[in-house]
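The values are calculated or read from the model by the stated rules, or taken from the named source; none is laboratory data. The shown structure was predicted, so the numbers you read here are calculated from the model rather than taken from an experiment. With ideal geometry, Cβ positions are generated from the backbone for all residues, glycine too; neighbour counts draw on all protein chains shown.
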Amino acid sequence: MNRSVRVRGVRTVRSALAGALASGVLVGGLAFAAPAGADVTVAPAQAYRGDAAKLTFRVPDERTGAYTTRVELRLPESTPIAEVYPMSVPDWGPSTTTRPLDQALTGIHHGAVTEVTSMVTWVRTAPPAAAGGVAELVVSLGPMPEAEELVFDLTQTYSDGTQVRWSGPPGPATAGTGPAPVVALLPSSAMAPAPAGNEAGNSEVAGAGEPATDGFSNVLRIGLLLVLLVVAALGGAAVARRRHPATVTGVPALPGPPADSSDAAATTAGEPATAGDAEPAGDAARTEAAGSSRWRLRS
């Protein structure tokens with residue numbers, strides 16, 4: 001009885017595991033089959049008011065079997081920008097659409113601007129090398145207006161005719177629409193307050209660099225001094241060798257007082273001379289005193 005219950009329990013657990021495994025495989029297959037969504041983005045996401053900026057719009061291909069053929073970027077009408085220049089991008093041809101202004105703006109390269117760019121259009125000139133790529137479209141523009149942010153309106157057209165408009169609020173993309181790319185505008189960099197103690201910090205930094213230079217100079221001086229000491233030692237050794245030449249072997253030494261003249265020499269009167277003493281011939285004997293020598297005849 002207990003054995004049958006155990007067998008049924010084991011079979012139930014196996015069935016549950018098999019069902020869970022099959023469900024996981026099915027869900028995983030669906031997840032891999034569905035393309036991963038990506039929004040249109042702009043970088044950098046911040047810029048300074050009154051300054052120029054270089055913005056890169058990244059437009060991904062999200063449709064299977066199709067690729068982006070056209071991108072239209074509409075600039076906000078409420079905050080016009082005096083100068084807008086689309087930059088050269090491989091495989092894309094840009095063009096601009098302009099509109100007149102009621103009030104002239106001050107440009108970066110031009111004094112007064114009465115007509116501004118309202119839209120930049122890029123058209124792909126050749127199919128992409130691989131599917132699922134990302135187009136990076138660059139625009140240089142400025143001066144940035146006095147506003148909190150710039151909200152762009154971007155329309156993406158695919159090779160199968162499908163259009164996606166990126167102009168909605170932040171959040172997940174829906175069918176045919178997605179969040180608009182936004183650039184936050186910061187206070188002008190020229191008017192931004194400098195950090196407290198900036199000058200002191202600069203002086204500290206400048207002063208902090210001086211010890212490093214002095215340290216390096218000290219090391220260099222010490223190294224040169226050591227080299228000079230070694231050279232001087234070698235020169236002294238050479239001079240010493242010249243003053244005290246080495247003794248030549250094979251030549252008998254002349255008689256004379258010992259090297260240290262302060263030591264008293266022993267008297268050797270009456271002792272026979274040996275072959276190595278080199279004394280004068282005859283019956284003379286040598287008596288050595290401290291530091292001196294004299295000869296006398298034997299009686």
Inspect segment 135-155 for any residue being over 38 Å from the mean Cα position of the chain (by Cα) and either over 22 Å from A47 (Cβ atoms) or surrounded by fewer than 17 Cβ atoms within 10 Å (Cβ to Cβ) (or both) and give the result as yes or no.
yes
Is at least one residue of segment 103-119 within 36 Å of the chain's Cα centre (by Cα) and of a type in the set (D, E, K, R)?
no
Return a yes/no flag: does segment 49-65 have any residue that is hydroxyl-bearing (S, T, Y) and closer than 17 Å to V134 by Cβ.
yes
With touching a strand residue (DSSP E or B) at 6+ places or on another chain (Cβ under 7 Å), modelled with pLDDT of 95 or more and crowded, with 19+ Cβ neighbours inside 10 Å as the only criterion, which of P76, P86 stands out?
P86
Is there a residue being among the β-branched types (V, I, T) and either modelled with pLDDT of 95 or more or in a loop (DSSP other than H, G, I, E, B) (or both) anywhere in segment 169-179?
no
What pairs can you find where one residue is in segment 154-174 and more than 16 Å from F57 (Cα to Cα), the other is of a type in the set (D, E), and their Cβ atoms are less than 7 Å apart, with a gap of 6+ or different chains?
A173/D39
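Pick from A126, A131: which is at pLDDT below 95, under 23 Å from R70 (Cα atoms) and surrounded by 11 or more Cβ atoms within 10 Å (Cβ to Cβ)? Reasoning before the result, please.
Working: A126 fails: surrounded by 11 or more Cβ atoms within 10 Å (Cβ to Cβ).
A131 is the lone residue from the list that is at pLDDT below 95, under 23 Å from R70 (Cα atoms) and surrounded by 11 or more Cβ atoms within 10 Å (Cβ to Cβ).
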Looking at (1) under 15 Å from T157 (Cα atoms); (2) of a type in the set (D, E, K, R); (3) surrounded by fewer than 16 Cβ atoms within 10 Å (Cβ to Cβ), which one does R63 not meet, given that it meets all the others?
(3)
